[in-house]
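Novice: Before we start, here is the structure in question, set down as C-alpha cells.
The values are calculated or read from the model by the stated rules, or taken from the named source; none is laboratory data. Keep in mind it's a predicted model, so treat the numbers as computed, not measured. A quick note on method: Cβ atoms are made from the backbone with ideal geometry, for glycine too, and the neighbour counts reach across all protein chains shown. The area values use the complete protein model at the heavy-atom level, side chains included, leaving out ligands, DNA and RNA. Shrake-Rupley method; radii C 1.70, N 1.55, O 1.52, S 1.80 Å.
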Amino acid sequence: MRILLTGGSGLLGTEILKLGTELLAPKRKDLDIRDASAVAAYVADAAPDIILHAAAATNNRDIEADPTEALDVNIKGTANIARACLGTEIRLVYVSTDYVYKGDRGNYAETDELLPSNLYAWTKLAGEAAVRAVPNHLIIRTSFGASRFDYPQAFADKWSSKDYVDLIAPKILKATTGTARGVLNIGGPRRTIHDYAAKRNPDVKKARLSGSSLDSPVDTSLNLEKWESLDD
Ligand SMILES: NC(=O)c1ccc[n+]([C@@H]2O[C@H](COP(=O)([O-])OP(=O)(O)OC[C@H]3O[C@@H](n4cnc5c(N)ncnc54)[C@H](OP(=O)(O)O)[C@@H]3O)[C@@H](O)[C@H]2O)c1
C-alpha cells in the first residue's frame, strides 16, 4: 500500500515516520501544497493508495495576527490535495482538530454541532469541507502535544482528550490504513490539561483558565465510542 504523507517534518509527521511503515513524505521544498499544479502532478506521479494529509499552518497566535498563510495552506492547500484525489480511488485522510467543536461541555461525538473557537480551527474546518468532496475520506479530529511537557504550569480547569504525540501517532496511522470513513475522533481520556501534563512532568504547577485573559474553550473532550468500536 502506497501512502503519501504531507507534513512529515512536523510534530505529528515526525512521529508517524518513526513507526516503520514505508511512507512517501516529501518535504515542503519538494511539494508545497499551496501550488495546485505541483500537487496534481506529484499525486499523479506518485499514485498513492492513501494520502495522510497532516501539513498545516498551526500557530494560532501567528494566524490571528496574519491569516494569509493559514488561508493558503489550510484551506487552499487542502482543497488542492482534495482536487488531486478526484476521479481516483485515493483514500484521503485529514488531520483536523478538537477545536472545531464548541468546547463548552465536552464529550463531543462526531455528529455534534461545530463552532470553532479560533481562526485556526475555522481554517481546519474549511479544510474538512474540501476533504468531504473525496468519496473515500476520513477526517480525524484529535488533540496532541509534544512527548514531553516542558512548561512550568498547566490549567487545572480546562478539559480535553489531548494526549502525547507518541501515543496519538500510532492510532492515527492505524485509522489511516483501516476502513473507517467519514469523521473519527481520536484522543486519550478526558482530563484536565494539568492532569495530562503531570503524567510526564510531576513538577508541573496548577494554573487557572478562569480569571485569566486567555479566551480558550473549557472542555473539548471527545466521545471516543466510534474509535473504540472499530474492529480493524
Ligand atoms: N498539534 C496539535 O495539537 C494538533 C491538534 C489537532 C490537529 N492538529 C493537526 O495535525 C496536523 C499536524 O500538526 P503538527 O502539530 O504536527 O503541525 P506542525 O508541527 O506545525 O507541522 C506542520 C507541517 O506542515 C508542513 N507545512 C506547512 N506549510 C506547508 C506547505 N505550504 N506545503 C507543504 N507542507 C507544509 C510543515 O513543513 P515545514 O516543516 O517545512 O514548515 C510541517 O511539516 C495539522 O494538520 C494540524 O492542524 C494538530
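Novice: Only one of these conditions is not met by Leu184: (1) open to solvent by less than 10 Å² (accessible area, probe 1.4 Å); (2) in a helix (DSSP H, G or I); (3) touching a residue at least 60 places away in the same chain (Cβ under 8 Å). Which number is it?
Specialist: Every condition holds for Leu184 apart from (2).
Novice: Could you identify the single residue in Asp157, Asp195, Asp203 that is outside any helix (DSSP H, G or I) and open to solvent by 60 Å² or more (accessible area, probe 1.4 Å)?
Specialist: Working: Asp157 fails: open to solvent by 60 Å² or more (accessible area, probe 1.4 Å); Asp195 fails: outside any helix (DSSP H, G or I).
Checking each option against the conditions leaves just Asp203.
Novice: Moving to a separate point now. Against the definition (modelled with pLDDT under 95, acidic (Asp, Glu) and in a loop (DSSP other than H, G, I, E, B)), how does Asp232 come out, yes or no? If you could, list the steps in order and put the result at the bottom.
Specialist: Numbers: modelled with pLDDT under 95: yes; acidic (Asp, Glu): yes; in a loop (DSSP other than H, G, I, E, B): yes.
Taking the combined requirement at face value, the residue satisfies it.
Novice: Ok, one more. Filter region 65-76 for residues that are within 9 Å of the ligand (Cβ to nearest atom) and under 15 Å from the mean Cα position of the chain (by Cα) and give the result. Steps first, answer last, please.
Specialist: The first filter runs over region 65-76 and keeps only residues within 9 Å of the ligand (Cβ to nearest atom), leaving 69, 72-74.
The answer is Val73, Asn74.
Novice: Within region 111-122, can you find the residues that are buried (at least 18 other Cβ atoms within 10 Å of the Cβ), assigned to a helix (DSSP H, G or I) and either touching a residue at least 24 places away in the same chain (Cβ under 8 Å) or more than 15 Å from the ligand (Cβ to nearest atom) (or both)?
Specialist: First, pick out the residues of region 111-122 that are buried (at least 18 other Cβ atoms within 10 Å of the Cβ): 116-118, 120-122.
Imposing the further condition that a residue be assigned to a helix (DSSP H, G or I) reduces the set to 120-122.
Scanning region 111-122 gives Tyr120, Ala121.
Novice: Could you list, in sequence order, all residues of region 206-217 that are out of contact with any Asp or Glu (no Cβ under 6 Å at 6 or more places or on another chain) and either among the basic types (Lys, Arg) or assigned to a strand (DSSP E or B) (or both)?
Specialist: Residues satisfying the conditions are Lys206, Ala207.
Novice: Tally up the residues in region 84-130 that are among the small types (Gly, Ala, Ser), farther than 24 Å from Leu4 by Cβ and touching a strand residue (DSSP E or B) at 6+ places or on another chain (Cβ under 6 Å), please.
Specialist: Here is the first cut: in region 84-130, the ones among the small types (Gly, Ala, Ser) are 84, 87, 96, 103, 106, 109, 117, 121, 126-127, 129-130.
Next cut, farther than 24 Å from Leu4 by Cβ only: 103, 106, 109, 117, 121.
Next, only the ones that are touching a strand residue (DSSP E or B) at 6+ places or on another chain (Cβ under 6 Å) stay: 106, 121.
Summing the residues that are among the small types (Gly, Ala, Ser), farther than 24 Å from Leu4 by Cβ and touching a strand residue (DSSP E or B) at 6+ places or on another chain (Cβ under 6 Å) in region 84-130 gives 2.
Novice: Next question. Could you pull out every one of the helices (runs of 4 or more DSSP H) wholly within region 1-110 that has 3 or more residues that are free of Cβ contacts under 8 Å to residues at least 40 places away in the same chain? Can you show your working first?
Specialist: On the way: elements: 11-17, 36-46, 60-65, 78-85.
Qualifying helices (runs of 4 or more DSSP H): 36-46, 60-65.
Novice: Where residues in region 21-33 are more than 8 Å from the ligand (Cβ to nearest atom) and either over 20 Å from the mean Cα position of the chain (by Cα) or open to solvent by less than 10 Å² (accessible area, probe 1.4 Å) (or both), which of them is nearest to Ser9 (Cα to Cα)?
Specialist: Asp30
Novice: Given (1) surrounded by 16 or more Cβ atoms within 10 Å (Cβ to Cβ); (2) near the ligand (Cβ under 10 Å from one of its atoms), identify the lone condition not met by Leu92.
Specialist: Going through the list (1) surrounded by 16 or more Cβ atoms within 10 Å (Cβ to Cβ); (2) near the ligand (Cβ under 10 Å from one of its atoms), Leu92 breaks only (2).
Results for (1) surrounded by 23 or more Cβ atoms within 10 Å (Cβ to Cβ); (2) in contact with a helix residue (DSSP H, G or I) (Cβ under 6 Å, 6 or more places away or on another chain); (3) within 26 Å of Ser147 (Cβ to Cβ), shown as yes or no for each residue.
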position	(1), (2), (3)
Leu17	no, no, yes
Asp35	no, no, no
Arg61	no, no, yes
Asn74	yes, yes, yes
Gly87	no, no, no
Tyr101	yes, no, yes
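Novice: Something else now. Kindly indicate whether any position in region 210-218 is closer than 23 Å to Leu115 by Cβ, in contact with a Leu (Cβ under 7 Å, 6 or more places away or on another chain) and open to solvent by 30 Å² or more (accessible area, probe 1.4 Å).
Specialist: Checking region 210-218: at least one residue is closer than 23 Å to Leu115 by Cβ, in contact with a Leu (Cβ under 7 Å, 6 or more places away or on another chain) and open to solvent by 30 Å² or more (accessible area, probe 1.4 Å).
Novice: While we're here: Give just the number: which of (1) under 14 Å from the mean Cα position of the chain (by Cα); (2) in contact (Cβ under 8 Å) with a residue 40 or more places away in the chain; (3) open to solvent by 30 Å² or more (accessible area, probe 1.4 Å) does Leu173 not satisfy?
Specialist: (3)
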